[in-house]
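FYI, it's all coordinate maths here, none of it is from the lab. Everything numeric in this text was worked out from a predicted model, so none of it was measured. A quick note on method: Cβ atoms are made from the backbone with ideal geometry, for glycine too, and the neighbour counts reach across all protein chains shown.
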Amino acid sequence: MAMYACYYDASSSQSKSTKPLVVVGLLSTMKKWLRCESDWRDVLKDFGVPYLHMKEFAHSTGPFAAWKGDEAKRAEFLAPLIKLLKRRVNIVFQYRLVPDVFHKLDREYRLTEAWGNPYAFTAAVTIRMAHEWFESAYPNDQVSHVVEKGDAGQGQLLGRFAGLPFAPALRPKVDQETGHHFIPFQAVDLMAYEARLNIERHLEGKEQVIRQSLAELRKIPHRAYLCDEEVLRNVILLDPEAYPARTK
C-alpha cells in the first residue's frame, strides 16, 4: 500500500469579495514529496534565500529585495523549482470562486448554513474533488489531506468534514520550533499564485497572456474548475433539501 499526501493552500481571501479565491491541492506520493523537499532546499540554498513566498517574490520584498528589476535572476530561480514540481507532483486540483457569487446566492438560499463561508465551500469542494479522484485512481492506497493553517473560515471547513475518514488536517506553514517554512506549502503557493493571477486577468477582461511559469506548471496533470453564478445555482437546484430557499 502506497501512502500519498495532498497539500492545499488558498490564494487571495474571502474578504476580497470581488476577487477570485483560488484553492489548489498538489497530490503525490510521500516518497516523491520527500524528494521534492530535498530538491527544493537545494535550490533555495543555491540562490541564498530561506524560502519561497510568492507575495514577497512578486513584489521583490523580504529575501527577494535584492532581485528587484532583475527579471533574469527571478526567472533563473523559478525555473528549477517548476522543473522539480513537474517531476514530483502527480496531479493538481484547483477550484475557484468569486466570494460575491456565494454572497449573492446566499441571499436567496441557505448557503451559509450549509457551508459556513466562501472559503470553506471552495476548500471543501477542492478536497472532496481530490479525494474522489484518488479513490478512483488508487483504490488500494491511502491519502492524507493537509491544509495550510491560517485562512479565515477554517473552523467551518473542519466542521464540514467532522467524522469523515478523509477529514483534512491543518498545519502551519512555519514550524514554531525550528522556524523552517514547510516546503510543500511553498510549492502550492507557487501554483495557486500563478493560477489566481491568470484568472484575475481573465475576469478583468485583460488580454490573456499566459506567463511562461504558468505554461510550464500546466504541463502537470490538472483538474481545474471555475464556480461561477450559473454553476453554483445549479449545485443548489440539484439538491434543494440541502439548500432551502430563504423566506422573504
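What's the local net charge at Ser136, with K and R +1, D and E -1, over the other residues with C-beta under 15 Å away?
So the surrounding residues net to -1.
What is the dipole size for the chain, taken about its Cα centre, with +1 at each Lys and Arg Cβ and -1 at each Asp and Glu Cβ, in debye to the nearest 20?
The calculated dipole for the chain is roughly 240 debye.
So, with +1 on the Cβ of K and R and -1 on the Cβ of D and E, and no other charges, what is the size of the charge dipole of the range 133-192 about its Cα centre, to the nearest 20 debye?
Charge dipole, the range 133-192, about its Cα centre: 160 debye, nearest 20.
Let me have the 222 nm mean residue ellipticity of the chain computed from DSSP H runs of 4+ only, each contributing -39500 (n - 2.57), with the sum over all residues rounded to the nearest 500.
Mean residue ellipticity, 222 nm, calculated: -14500 deg cm²/dmol.
Report which label in [x] 11.9; [y] 22.3; [z] 14.7 holds the value of mean projected area of the Cα convex hull in nm² derived from the coordinates of this structure.
Read-out taken from this structure: [z].
For the chain, set up a GNM with springs between Cα atoms under 10 Å and report which of Arg160, Arg196, Arg88 has the largest fluctuation.
With Cα springs under 10 Å in the chain, the top fluctuation among Arg160, Arg196, Arg88 is at Arg160.
Using the 10 angstrom Cβ neighbour count as an exposure proxy, how do Trp33, Trp115 rank, fewest first?
By the 10 Å Cβ count, ascending, the order reads Trp33, Trp115.
For the chain, what is the relative contact order in percent, using Cα pairs closer than 8 Å and at least 6 residues apart in sequence?
Relative contact order of the chain: 32 percent.
Based only on other Cβ atoms within 10 Å, what is the fewest-to-most ordering of Leu34, Leu105, Leu217, Leu52?
Ascending Cβ contact count within 10 Å gives the list Leu34, Leu105, Leu217, Leu52.
Sorting Ser38, Ser60, Ser136 on the 10 Å Cβ count, fewest up front, what's the list?
Ser136, Ser38, Ser60
Span-like helices, the chain: DSSP H, alpha-carbon axial extent 24 Å or more, mean Kyte-Doolittle -0.5 or greater, which ones?
In the chain, the long hydrophobic H runs are 71-88, 118-137, 183-203.
Identify the trypsin sites (Lys or Arg not before Pro) of the range 8-80 meeting these criteria: DSSP loop state and at most 16 other C-beta atoms within 10 Å of the C-beta.
For trypsin sites (Lys or Arg not before Pro) across the range 8-80 that sit outside H, G, I, E and B with at most 16 neighbouring Cβ atoms in 10 Å, the list reads Lys16, Lys68.
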